[in-house]
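One structure is given here, and the rest of the page talks about it.
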Amino acid sequence: MTLMENDALRIAGREFRSRLIVGTGKYKNFQEMARAHEASGAEIVTVAVRRVNLTDRTKESLLDYIDRAKYFILPNTAGCYTADEAVRAARLAREAGLSNWIKLEVIGDEKTLFPDNFELVKATEALVREGFVVLPYTNDDLIAARRLIDAGAAAVMPLGAPIGSGMGVQNPANIRILREMIAGVPLILDAGVGIASDAAVAMELGADAVLMNTGIAGAEDPVLMAEAMKHAVIAGRKAYLAGRMPKKLYATASSPLQGVVR
């Protein structure tokens, strides 16, 4: 059996074949969103609780365009700035039947959308006590990640760059350090991916999965970009498992002359 044949993404005892997680915002319409989801091959779709109409089911909702038999819905607490706000949003999502899993976002700065790690740990502790599977969006900081894991987080989701920036992984050394130091917990790169090569780099650094929204929805052709991201994540994962060749300062002939009779 090869490494790839049993290479499932495992989070909180659940297995997923795809390592690409996609969002639902910024598409031109719900139909385009659904086509992009299909092209991405993703199995997990994250949905902002604040964007979902949970009270009047007679009105059109983005949930109408997500096949619950095909996709696992991961609610998120986007737009929350305190632990209390985030906890309330998570409870609302669970009561509405979305999931007891939550992508936890607690924003600390309105312009950069960087996370407030103090409030994030507080919210994680509260939600874990209530039986939630918590996947917190955080910065690429080892100490913050360890505190979230100690609080009961089922995975850590460090940013690659500011949300929606499309700048790719800005601190690859930090992602490598996180991968090495928190080896037993899923590491999901969240935010900053702009193009397929960014996703491949994240996976080559050892991320277990990549979550993206704007990189797909903001493309000129979101459906085609979703397909590109699918292949990039697969390629990056294969490269990580294969193990890269060592870097060298000087050239080494591709066809060595040792042993060649002259």
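The values are calculated or read from the model by the stated rules, or taken from the named source; none is laboratory data. Nothing here was measured: the structure is a model prediction, and the numbers come from that model. Because the Cβ atoms are built from the backbone with ideal geometry, glycine has one as well, and the counts that use them run over all protein chains shown. Calculation scope for accessible area: heavy atoms of the full protein, side chains included, ligands and nucleic acids excluded. Shrake-Rupley method; radii C 1.70, N 1.55, O 1.52, S 1.80 Å.
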- Looking at this structure, is Ala183 closer than 25 Å to Val106 by Cα and without any contact (Cβ under 8 Å) to a residue 12 or more places away in the chain? yes
- Query: Hey, does segment 207-215 have a residue that's surrounded by 21 or more Cβ atoms within 10 Å (Cβ to Cβ), over 13 Å from Val156 (Cα atoms) and touching a strand residue (DSSP E or B) at 6+ places or on another chain (Cβ under 9 Å)?
  - Reply: yes
- Query: How many of the residues in segment 95-105 are modelled with pLDDT of 95 or more and surrounded by fewer than 18 Cβ atoms within 10 Å (Cβ to Cβ)?
  - Reply: 1
- Message: Condition check: part of a helix (DSSP H, G or I), open to solvent by 30 Å² or more (accessible area, probe 1.4 Å), of a type in the set (D, E, K, R) and modelled with pLDDT under 95. Does Asp56 satisfy that?
- Response: no
- Item | Which listed residue is open to solvent by less than 60 Å² (accessible area, probe 1.4 Å), hydroxyl-bearing (Ser, Thr, Tyr) and closer than 18 Å to Ala12 by Cα, from Thr124, Thr138 | Thr124
- Restricting segment 3-39 to residues that are of a type in the set (Lys, Arg) and in a strand (DSSP E or B), the residue that is nearest to Val133 (Cα to Cα): Arg14
- Among (1) assigned to a loop (DSSP other than H, G, I, E, B); (2) among the polar types (S, T, N, Q); (3) free of Cβ contacts under 8 Å to residues at least 40 places away in the same chain - the single one Thr124 does not satisfy: (1)
- Query: Looking at Ala183, Ala173, Ala199, which is the one that is outside any strand (DSSP E or B) and within 21 Å of Ala219 (Cα to Cα)?
  - Reply: Ala199
- Kindly provide the set of residues from segment 17-27 that are on the phi < 0 side of the Ramachandran plot and touching a residue at least 60 places away in the same chain (Cβ under 8 Å), ordered by number. Ser18, Arg19, Leu20, Ile21, Val22, Gly23, Thr24, Gly25, Tyr27
- Item | Number of positions in segment 216-235 that are open to solvent by 40 Å² or more (accessible area, probe 1.4 Å) and under 12 Å from Lys28 (Cα atoms) | 4
- In segment 1-52, what count of residues is obtained for those that are within 17 Å of the chain's Cα centre (by Cα), among the hydroxyl-bearing types (Ser, Thr, Tyr), surrounded by fewer than 21 Cβ atoms within 10 Å (Cβ to Cβ) and more than 14 Å from Lys230 (Cβ to Cβ)? 0
- Message: Go through segment 91-122 and report how many residues are in contact with a Lys or Arg (Cβ under 9 Å, 6 or more places away or on another chain) and aromatic (Phe, Trp, Tyr).
- Response: 1
- Here are some residues: Ala36, Ala83, Ala90, Ala48. Which one is out of contact with any Ser or Thr (no Cβ under 7 Å at 6 or more places or on another chain) and closer than 19 Å to Ala126 by Cβ? Ala83
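Residue by residue through segment 70-80, note down the ones that are part of a loop (DSSP other than H, G, I, E, B), open to solvent by less than 50 Å² (accessible area, probe 1.4 Å) and either in contact with a His (Cβ under 9 Å, 6 or more places away or on another chain) or over 16 Å from Ala126 (Cβ atoms) (or both).
Answer for segment 70-80, where residues must be part of a loop (DSSP other than H, G, I, E, B), open to solvent by less than 50 Å² (accessible area, probe 1.4 Å) and either in contact with a His (Cβ under 9 Å, 6 or more places away or on another chain) or over 16 Å from Ala126 (Cβ atoms) (or both): Tyr71, Ala78, Gly79.
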